[in-house]
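Peer 1: My structure is below; once you've seen it, I'll send some questions.
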Amino acid sequence: MKVKLIAPKCDWGSATNKYPPYVLATLAGLTPDDIDVVIQDQNIEEIDYDEPVDLVGITVIVHTAKNAFKIGDEFRKRGITTVMGGVFVEACPNECLKHADSVVLCEVEEMWSDIINELFSGNYKKIYNSDERPEIKGLPLPRHDLLNQNKYLTNNLVMISKGCLNRCHFCTGGVHWKGQVKTRNIEDIIKEIKVLDSSQPYIFLDDNLIWNPEYAKEVFRALIPLKIKWICSGACVDSVDDKELIRLAKDSGCLAMLLGFETVNEKTLKRNGKGFNKVDNYKKTIENFHDVGIAVQGSFIFGLDGDDINTIVDTVKFIEQSQLDMLTLNMLYPYPGTPFRKKLINENRLIIDDNEWDNFTYNRIMFIPKNMSIDELDRGFKWATIKLANSEECSKRIARAVKYDRAPEYIFKQNMQFSRHVRKMHGKWNESELNKLINKI
């Protein structure tokens, strides 16, 4: 028997980096040894619809839903049983069942073998679900060997823990994890790190790597003898006032940490379920990391209820003054299943589009903002992203990285990716056009 696991393509408006589909490598590791497994990532190769397989599994997020549906339809035309899973599937199971034989609405570590056997037998459920998130200790390692090693920016992806305690109103994680976090055995983390390329930095994929400072410290101490370099792709600002933790992160090889600042308006943070972020501590938090030589990538969201056009201007000023090393700037999107989307529906502020998933793009506004017009949010986001991604600002961030030896190579790559993505999103803008936007704001 043969299973094909597929990651659908993100269109240009949805993603800037090419990383391996770690979730599929994890599923492959959970698949019984007597079943043949292949992984295909549409971001780097065309899907082979004619390869003889018995079962197709597709991971789906909102950014990839359009392509996931097309892939599911093609395999079902060929009589191949197709199953979908992921946070989008959890929020929109009926929509996905139009394009799949079965859907999984939960984590599958404890049930994947049973699901596969039932799908192969033909005696399967339309919907698989569980309210409890399974433990992830003692599991088989992800099948990194099934990923195309030459097509990605890096193959060194590792998950330390899964989940998040917080329930931010705009985030799918709060709905999906229901306040649960699961951690791996440290010996399993070390084993996985050792099968990858230690000459390249590792990326830790956690939603909030340092949610539990004592566990994080234990992990960092175990990493120190390995002499690796690593980057954290997710952490909450409220977790980083512990200087011992920051020092241990540096000693264990941390090059950079992504922090979810979201907005510089504290009232907005409270209104959106993220009141644990304290704006007054933002600059000190960044300084704490910089003091030990760890770069900081700041993540911000534009359009949150409570923010107005002045918040956008204040956010840009904060970013310029705080000397952040890298940026992630997001237009707020009403993700399916989130409290924010439900609120929009109740207040008649959701912009209805029957083909929403087909029309999804990174910078598309799908709701009526609370304290500004759609046009103001659109212009403000455009102004902020263009201003912060221009060559002068990127050069400043790169120069500081070189001066203070804060992961200069990584910061260079990330700023170039950021700049290219903004240019692709908004097209070419000259100084006079930017000034016109500024004057309107």
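Peer 1: Given contacts defined as C-alpha pairs under 8 Å and at least six residues apart, what's the relative contact order of the chain, whole-number percent?
Peer 2: That works out to 12 percent.
Peer 1: Determine the dipole magnitude for the stretch 1-96: charges of +1 sit on the beta-carbon of Lys and Arg, -1 on that of Asp and Glu, nothing else is charged, the reference point is the Cα centre, and the result goes in debye to the nearest 20.
Peer 2: 280
Peer 1: OK, next. Of GLN323, ILE309, ILE345, whose Cα points farthest to the positive end of the dipole of the stretch 295-381 (charges on the beta-carbon: +1 Lys, Arg; -1 Asp, Glu; origin at the Cα centre)?
Peer 2: Going by the Cα projections, it comes out as ILE345.
Peer 1: Could you give me the ³J(HN,Hα) list for the stretch 313-322, computed from phi with Karplus coefficients 6.51, -1.76, 1.60 and θ = phi - 60°, whole Hz, x at Gly and Pro?
Peer 2: 4, 5, 5, 4, 4, 4, 4, 5, 7, 7
Peer 1: Among the listed pairs LYS70/LYS98; LYS125/LYS162; LYS182/LYS270; LYS267/LYS382; LYS66/LYS125; LYS250/LYS274, which are separated by more than 21 Å between their Cα atoms?
Peer 2: Cα-Cα > 21 Å for LYS125/LYS162; LYS182/LYS270; LYS267/LYS382; LYS66/LYS125; LYS250/LYS274; rest within.
Peer 1: Additional query: To test your reading of the geometry: what angle, between 0 and 90 degrees and rounded to tens, separates the Cα axis of helix 282-291 from the longest principal axis of the chain?
Peer 2: 80
Peer 1: I'd like the distance separating the alpha-carbon centroids of the stretch 46-116 and the stretch 171-207, in whole Å.
Peer 2: 24
Peer 1: Another one. Nearest 10 degrees is fine. How inclined is helix 112-121 to the longest principal axis of the chain, computing both from alpha carbons?
Peer 2: That helix lies at roughly 50 degrees to the long axis.
Peer 1: Shifting gears a bit: Would you mind checking the pairs LYS278/LYS342; LYS151/LYS342; LYS18/LYS428; LYS343/LYS413; LYS278/LYS428 and listing those with alpha carbons more than 30 angstrom apart?
Peer 2: LYS151/LYS342; LYS343/LYS413; LYS278/LYS428
Peer 1: Against the longest alpha carbon principal axis of the chain, how many degrees, from 0 to 90 and to the nearest 10, is the axis of helix 431-440 turned?
Peer 2: 80
Peer 1: Answer with one residue from LEU27, LEU5, ASN67: the one whose Cα lies farthest towards the positive end of the charge dipole of the stretch 1-94, charges on Cβ with Lys, Arg +1 and Asp, Glu -1.
Peer 2: After comparing all options, I get ASN67.
Peer 1: Please work out whether the stretch 2-128 counts as rounded, prolate or oblate from its C-alpha gyration tensor, where a ≥ b ≥ c are the square roots of the eigenvalues and a/c under 1.5 means rounded, while otherwise a/b larger than b/c means prolate and anything else oblate?
Peer 2: Rounded shape, in that the Cα axes give a/c under 1.5.
Peer 1: Hey, can you rank 244-256, 70-82 by average C-beta count inside 10 Å, highest first?
Peer 2: The most tightly packed comes first, giving 244-256, 70-82.
Peer 1: In terms of Cα to Cα distance under 19 Å, which aspartates and glutamates are near enough to LYS194, apart from those fewer than 8 places away along the same chain?
Peer 2: Within the straight-line limit of under 19 Å, LYS194 reaches these aspartates and glutamates: ASP145, ASP206, GLU218, ASP251.
Peer 1: Further question: By the 4.7 Å beta carbon criterion, which cysteine residues of the chain come out unpaired?
Peer 2: CYS10, CYS92, CYS96, CYS106, CYS164, CYS232, CYS236, CYS254, CYS394
Rule-based calculations on the coordinates, nothing more; no lab input. What you see is a predicted model, and the numbers here were worked out from it, not measured in a lab. Note: ideal-geometry Cβ built from the backbone for every residue, glycine included; neighbour counts use all protein chains shown.
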